[in-house]
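The structure appears below as C-alpha cells.
The values are calculated or read from the model by the stated rules, or taken from the named source; none is laboratory data. No experiment lies behind these values; they were computed from the predicted model shown. Counting neighbours? That spans all protein chains shown, and the Cβs are built from the backbone with ideal geometry, glycine included.
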Amino acid sequence: AKYRDSLFQVIPRTKFGAFARGAKVVVYTKKSGPHTRIIDGGSGYLCEMEPVAHFGLGRDVATNVEVYWPDGRSIARPLEPSEINSVLEIPYPKDEEEVTPTVEIECGHGFALNEFGRCTDKDECTQFPSMCPSDRPICTNTYGSYKCRAKKRCNQGFEPNDDGSACVGESS
C-alpha cells in the first residue's frame, strides 16, 4: 500500500476578511508535536509571498490548530480528517464566539492540554523526578521533550552551565 504524504494550508482572516498578516498559526500533530508559522507581509520590492501557512506533515496526522492574531485574540479547534490535504480558512473570532474548544484536543507527544484549552509543554523532569538513568542524572526540560546529562565536575570557583556542557565562573 502506498502512503500519501499530507499537506495542510491555513489562511487566517482579519475581521474585515483580509489576510491576517502577522498572525501566528500553530498546528499540533500526533507524532511531532507543534509546527508554527507566521503569516508574513512580504519582505521586498515586488514581493509575491503568499500569506498562507503551509504545513508539510509527511505521514504525521494533524490534530488541532491554534491561531493567534496580532491584537491578542486567538482561537483553537480540533481538525477533522476531511480538512487534511486542503486549504482551511479561519475567520477572525466574533466577540461572542467561544474561543476555547468544547471537544478534546490531542496535543501530541511531550505536550498537554492546559485549563484554557491550549497545548503546552509538559515538564517531564518535574512530573517524573527519577526519569534519568544514574549515569546521567541531571534532567533538563526542553520544548516537547527532555534531556538527561551527566553531572559535570568543575574546579573550585566554577560551576556547570545550564546544559552541563562546560564550567563557568560561579555567580555571586
Among the residues of the stretch 121-131, are any closer than 30 Å to PRO78 by Cα, assigned to a strand (DSSP E or B) and under 14 Å from the mean Cα position of the chain (by Cα)? yes
Of all the strands (runs of 3 or more DSSP E) wholly in the stretch 1-120, which have at least 2 residues that are within 29 Å of THR142 (Cα to Cα), in contact with a strand residue (DSSP E or B) (Cβ under 7 Å, 6 or more places away or on another chain) and modelled with pLDDT under 85? 6-12, 111-113
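Residue by residue through the stretch 123-158, note down the ones that are farther than 26 Å from GLY108 by Cβ and surrounded by 12 or more Cβ atoms within 10 Å (Cβ to Cβ). Outline the logic, then answer.
Residues of the stretch 123-158 that are farther than 26 Å from GLY108 by Cβ, as a first pass: 134-135, 137, 150-158.
Result: PRO137, ALA150, LYS152, CYS154, PHE158.
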Can you run down the residue pairs with Cβ atoms below 6 Å, 6 or more apart or on separate chains, where the first is in the stretch 79-92 and in contact (Cβ under 8 Å) with a residue 40 or more places away in the chain and the partner is in a loop (DSSP other than H, G, I, E, B) and charged (D, E, K, R)? TYR92/LYS15
